[in-house]
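To keep things clear, I will list the structure first and then write my remarks on it.
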Amino acid sequence: MMTKKELIQAVLKGEKTDHIPYSMWSHVPGVDRDPEAIAEETYRFYKEYDVDIIKTMNNGMYSIEDYGCEIDYSDVLTGGVAKIITTPVHCGADWLKIQEISIEEGALKREQTYLALLLEKLKGEAVPVVFTAFSPITTANKLCGNKVQEYVKNGYGKEVHQALEAITATTRKLVQRVVEMGADGIFFATQLSSYVKSDEKFYEEYGAPYDKAVLETSKGWCNVLHAHGDEIMFDLLKDYPVQIFNYHAWQSLPSVGETQVCTGKTLMCGIERMDITNHRKNEIRNEIYESIKQTGGRHLILAPGCVIRYPLDKEMLAYVKKVKVEIETALQA
């Protein structure tokens, strides 16, 4: 029997495997800034649901913590998102204060400790691990309370570019480090590459060049692009230098089949995450069936398009693999 790492490697090559791999992930509010606790919880989640690839479940704000941001996490446990209370950017000139920061201290060091502890727990398991990294423009947008486009429109594009260069330099060092530590690649989350959030001209200048600089730094064999949200900028993203493409399939076009054909990449998607949260079993079943049918079961890792929100329902999480196995078996009959 293949190990999980061998399984994912075979899927990336487009080889026929005895089963289709799958994965899931969530945030772990309350413990995700405690390296030992989050490593233990990630390992427990992996063992309980037997996922075939592990995405680190880092705190979603770790890339901005060391800049002195104050963040409110109180809504996360009930299905909400973290809120940024204070940021270091209050005017256009403040972008010049955003400098490259050390990866040897603070939140960035904490996340490395989390990864090291998790990898130690996984010794002998032969399962791929991808470390969550954020696109520079995503980090920049969080640093100014989601107003980066306003600063550009108001004439501070040069200052934003200077900040993005510093953020990119820091992110590249972190990415290089985690792969050297043993991560098989990165899960690269970009949150503004959506027509709902920005436009192509903006992203072509302030997003894509910095994204590609980070991605080209990773020497891992298992790099994942996470295109977040509705109406993704597919034409801009489809040729990014990654092995795996993850997006909100069934929530955002293109279809699963079209995405696979047009990217030429392995897809990690196929399940609409809110259908898990909202207990929509029929929808989950249909999504898994259609994803397998549209791809022929090749170059596919079944997964939600994004993080599964709290509160988690163990029965629904277990249902995902149960129905995956059932549909695979039926299609092979």
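The values are calculated or read from the model by the stated rules, or taken from the named source; none is laboratory data. Predicted model only: the values in this text are computed from it and were never measured. A quick note on method: Cβ atoms are made from the backbone with ideal geometry, for glycine too, and the neighbour counts reach across all protein chains shown. The area values use the complete protein model at the heavy-atom level, side chains included, leaving out ligands, DNA and RNA. Shrake-Rupley method; radii C 1.70, N 1.55, O 1.52, S 1.80 Å.
Evaluation of P311 against the conditions (1) touching a Leu at 6+ places or on another chain (Cβ under 8 Å); (2) surrounded by 19 or more Cβ atoms within 10 Å (Cβ to Cβ) shows that the sole unmet condition is (2). The set of residues in the range 159-184 that are of a type in the set (G, A, S) and surrounded by 21 or more Cβ atoms within 10 Å (Cβ to Cβ) comprises A163, A183. Looking at (1) modelled with pLDDT of 90 or more; (2) touching a strand residue (DSSP E or B) at 6+ places or on another chain (Cβ under 9 Å); (3) open to solvent by 20 Å² or more (accessible area, probe 1.4 Å); (4) within 23 Å of P304 (Cβ to Cβ), which is the one condition that is false for E40? Against the list (1) modelled with pLDDT of 90 or more; (2) touching a strand residue (DSSP E or B) at 6+ places or on another chain (Cβ under 9 Å); (3) open to solvent by 20 Å² or more (accessible area, probe 1.4 Å); (4) within 23 Å of P304 (Cβ to Cβ), E40 comes up short only on (2). Which ones in the range 144-163 are closer than 17 Å to S198 by Cα and among the hydrophobic types (A, V, I, L, M, F, W, C)? Scanning the range 144-163 gives C144, V148, V152, V160. Only one of the numbered conditions (1) charged (D, E, K, R); (2) touching a helix residue (DSSP H, G or I) at 6+ places or on another chain (Cβ under 8 Å); (3) surrounded by 13 or more Cβ atoms within 10 Å (Cβ to Cβ) is not met by D34, and that is (2).
Among the residues of the range 153-184, count how many are part of a helix (DSSP H, G or I), in contact with a Phe, Trp or Tyr (Cβ under 7 Å, 6 or more places away or on another chain) and of a type in the set (A, V, I, L, M, F, W, C). Write out each step before concluding.
First pass over the range 153-184, keeping only residues part of a helix (DSSP H, G or I): 153, 157-181.
Remaining after also requiring in contact with a Phe, Trp or Tyr (Cβ under 7 Å, 6 or more places away or on another chain): 159-160, 162-164, 168, 178.
So of that shortlist, the ones also of a type in the set (A, V, I, L, M, F, W, C) come out as 160, 163-164, 178.
Going through the range 153-184 one residue at a time, the tally reaches 4.
Conditions (1) open to solvent by less than 40 Å² (accessible area, probe 1.4 Å); (2) among the aromatic types (F, W, Y); (3) touching a Leu at 6+ places or on another chain (Cβ under 9 Å); (4) at pLDDT 95 or above, marked per residue:
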position: S74; (1), (2), (3), (4): no, no, no, no
position: L77; (1), (2), (3), (4): no, no, no, no
position: I84; (1), (2), (3), (4): no, no, yes, no
position: P88; (1), (2), (3), (4): yes, no, yes, no
position: K97; (1), (2), (3), (4): no, no, no, yes
position: S102; (1), (2), (3), (4): no, no, yes, yes
position: Y114; (1), (2), (3), (4): yes, yes, no, yes
position: G124; (1), (2), (3), (4): no, no, no, no
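Only residues that are outside any helix (DSSP H, G or I), in contact with a helix residue (DSSP H, G or I) (Cβ under 9 Å, 6 or more places away or on another chain) and open to solvent by 10 Å² or more (accessible area, probe 1.4 Å) were counted in the range 228-239, giving 3. Applying the criterion of being of a type in the set (D, E, K, R) and part of a helix (DSSP H, G or I) to the residues of the range 185-208, the residue that is least open to solvent (accessible area, probe 1.4 Å) is E200. Listed here are the strands (runs of 3 or more DSSP E) enclosed by the range 54-136 that have at least 1 residues being without any contact (Cβ under 8 Å) to a residue 60 or more places away in the chain and of a type outside the set (K, R): 70-72, 83-86. Residues that are over 26 Å from Y240 (Cα atoms) and open to solvent by 40 Å² or more (accessible area, probe 1.4 Å) within the range 127-158 comprise E150, K153, N154, G155, Y156, listed in sequence order. Scanning the range 209-227 for residues that are open to solvent by 10 Å² or more (accessible area, probe 1.4 Å) and either assigned to a helix (DSSP H, G or I) or within 17 Å of A140 (Cα to Cα) (or both) turns up P209, Y210, K212, A213.
Can D184 be described as closer than 24 Å to I301 by Cα and among the acidic types (D, E)? Steps first, please.
Numbers: closer than 24 Å to I301 by Cα: yes; among the acidic types (D, E): yes.
Answer is yes for this residue.
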